[in-house]
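Each reported figure results from applying straightforward, stated rules to the coordinates on display, with no laboratory input. Predicted, not measured: the structure shown is a model, and the values here were computed from it. In this analysis, Cβ positions are derived from the backbone assuming ideal geometry, glycine residues included, and neighbour counts consider all displayed protein chains.
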Amino acid sequence: MNDLPTCTCCRRELRDHETGRYACTLCEDRIAVHLGAIPGLFERLDDHLARGSSSGPAVSGSKTAPAPLRIGILDMQTERGPVLGPLETWVRDWEEAGYAEVNEAGTATDRVTHACRTLRFNLSRAARQHPAIDEAADEIAAIWRMLSRTVTGESAPRRIAVTCPCEQTLRITLDTRGITCPACRTEYGHSEVLRLPLADRRAAA
Ligand SMILES: [Zn+2]
Ligand SMILES: [Zn+2]
C-alpha cells in the first residue's frame with residue numbers, strides 16, 4: 001500500500017477513493033491507452049520499413065532514406081530491442097507478484113501483443129499494489145512515444161524538465177502555455193515556467 005498521499009506517477013494528490021493506490025486512476029487510464037496502442041504501432045513498423053526501401057535511389061533518383069533510421073527500425077523489432085525487451089522485463093517482474101503471465105513464444109509481434117495484453121489485463125491491480133508502477137508507466141510511455149513518432153513520422157515537441165522551487169519536476173515543452181505544479185499548486189504562466197531552472201538530466205529522460 002502506498003503510504004504517500006500522492007500518486008507515484010504524476011504526484012497528484014490522491015482522492016478519497018484512491019487512497020493507498022500507487023497510481024491514480026488517471027495514470028492507470030493513460031497506461032492502459034498506451035498498452036492498447038503499442039501492438040498496432042509495432043505491427044506498422046513493417047510498412048514503414050517497406051516504404052523507406054521502395055523510395056530507394058533506383059526508383060526515384062532522390063536521396064535514399066537515411067540508413068540509420070531503417071537500422072533503428074530493425075533494431076526496434078528485435079527480441080532484445082527497445083520495445084519487446086523492456087515490455088517482457090515488466091511481464092516477468094509482474095509475474096512474480098502475480099500480476100501477469102509470461103509467454104515468450106511466437107513472433108516478435110505475438111510477443112509484444114501478449115505482453116501488452118497481460119500487463120493491461122492486470123493493470124488495475126498493479127496500479128493499486130505495485131510500488132514500481134511509476135517506472136513501468138514511464139517506460140511504457142517512452143515505448144509508445146518512440147513507436148508513434150516512427151510510425152507517424154512526426155516528431156513530438158521537445159520536452160524539457162524544469163524544477164519547481166518545491167523540488168517537483170515539471171515536464172513542459174516550449175509551447176506549454178502554463179502549468180500548475182501538482183505538488184505545491186503554484187501556477188506558472190508560459191514565460192514564468194520557462195524561467196524555472198532545468199532539472200538534472202536523469203529527471204529529464
Ligand atoms: Zn497519477
Ligand atoms: Zn511546486
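Tilt of helix 108-121 relative to the longest C-alpha principal axis of the chain, in degrees (0 to 90, nearest 10)?
Compared with the principal axis, the helix lies near 20 degrees.
So how compact is the chain: Cα radius of gyration and Dmax in angstrom?
When restricted to the Cα atoms of the chain, Rg and Dmax are 19.5, 64 Å.
How far is it, in nm, from the label point at Thr163 to the one at Asp75 when both lie 7 Å from their Cα along the line to the Cβ?
About 3.1 nm separates the two model spin labels.
Between Glu101 and Leu26, what length in nm is gained on full extension when 0.36 nm per residue of separation is reduced by their alpha carbon distance?
Extending this stretch completely gives an extra 24.5 nm.
Answer rounded, prolate or oblate for the stretch 117-190, using the Cα gyration tensor with square roots of eigenvalues a ≥ b ≥ c: rounded when a/c is under 1.5, else prolate when a/b is larger than b/c, else oblate.
oblate
On a 0 to 90 degree scale, rounded to 10, what angle separates helix 84-96 from the longest Cα axis of the chain?
40
If you take the beta carbon distance between Glu192 and Ser124 as r and set R0 to 41 Å, what does 1/(1 + (r/R0)^6) give as a FRET efficiency, to the nearest 0.05?
With a Förster radius of 41 Å, E is 0.65.
Give the average over all directions of the projected area of the C-alpha convex hull of the stretch 160-204, one decimal, in nm².
Values: hull surface 10.6 nm².
Approximately 2.6 nm², given one-decimal rounding.
As I understand it, the value is the acute angle between the Cα axis of helix 25-54 and the longest principal axis of the Cα atoms of the chain; what does it come to in degrees, rounded to 10?
20
Once you charge only the Cβ atoms, +1 for Lys and Arg and -1 for Asp and Glu, what is the size of the charge dipole of the chain about its Cα centre, to the nearest 20 debye?
Numbers: 26 positive and 28 negative charges, 148 e Å.
Taking the Cα centre of the chain as origin, the dipole is about 720 debye.
If amide H atoms are built 1.01 Å from N in the plane of the peptide, which residues on other chains or at least 5 residues away come under 5 Å of the amide H of Leu14?
Thr6, Cys7
Sort 4-10, 73-79 by packing, meaning the average of other beta carbons within 10 Å per residue, with the highest value first. Don't skip to the end; give the middle numbers.
Numbers: 4-10: 17.1, 73-79: 14.6.
Highest-to-lowest ranking by the protection proxy: 4-10, 73-79.
With unit charges on the beta carbon (Lys/Arg positive, Asp/Glu negative), name the residue among Pro82, Pro197, Gln168 whose Cα is farthest towards the positive pole of the charge dipole of the chain.
Result: Pro197, furthest along the dipole toward the positive end.
May I ask you to derive the relative contact order of the chain, considering only C-alpha pairs under 8 Å and at least 6 residues apart, and to give it as an integer percent?
Across the chain, relative contact order equals 22 percent.
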